[in-house]
Amino acid sequence: LDDGIGEAFAELARALAPGAPLLVAMHGGAGHVQVEEMLGEPVPMYATLLSLGALTAHAERAGFTVQRAEVRPPYPFEYPTPRLYLMARR
């Protein structure tokens with residue numbers, strides 16, 4: 001189950017001009033996260049977590065050329081998931 005991630009990358013590739021940059025930052029991990037509150041406010045959210053390899057693979061399948069892909073651990077005050085960063089070109 002990819003929850004539409006492949007389709008999202010395909011739409012980004014369709015909408016961006018050839019050579020256009022793409023920068024993606026997201027929470028990494030495996031599985032799904034669901035919360036009902038954020039910063040004290042009722043905000044229902046459902047997220048799919050991916051590995052850096054899976055994120056890179058989605059971008060490449062959509063036709064992007066990945067220029068840089070990095071992961072960092074969360075800071076102590078952040079939600080406890082790694083952060084993924086991807087820089088690519090259409």
If you line up the long axis of helix 5-15 against the longest principal axis of the chain, both from Cα atoms, how many degrees apart are they, to the nearest 10? 50
Per residue Cα convex hull volume in Å³ - calculated over the stretch 1-54: 117
Rounded to the nearest percent, how much of the accessible area of the chain (1.4 Å probe, protein heavy atoms only) is carbon and sulfur? 62
Can you give the extra length, in nm with one decimal, that the chain gains between Asp3 and Val43 once fully stretched, where that is 0.36 nm per residue apart less the Cα-Cα distance? 12.4 nm
Bins of 10 Å, beginning at zero and ending with the bin holding the largest distance: percent of Cα pairs per bin for the chain, please. 16, 43, 30, 10, 0
With every protein chain present, what is the per residue accessible area of the stretch 46-90 (1.4 Å probe, Å²)? 61
Packing-based ranking, highest mean first, of 76-89, 36-49, 15-28 given that Cβ atoms within 10 Å are counted: 76-89, 15-28, 36-49
If you rank Arg14, Arg72 by how much accessible surface each has, with a 1.4 Å probe, what is the order from largest down? Arg14, Arg72
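The values are calculated or read from the model by the stated rules, or taken from the named source; none is laboratory data. All figures in this text were calculated on a predicted structure; none of them were measured in a lab. No Cβ is skipped: glycine too gets one built from the backbone with ideal geometry, and neighbour counts run over all protein chains shown. We work out accessible area using only protein heavy atoms, side chains counted, and drop any ligands, DNA or RNA first. Shrake-Rupley method; radii C 1.70, N 1.55, O 1.52, S 1.80 Å.
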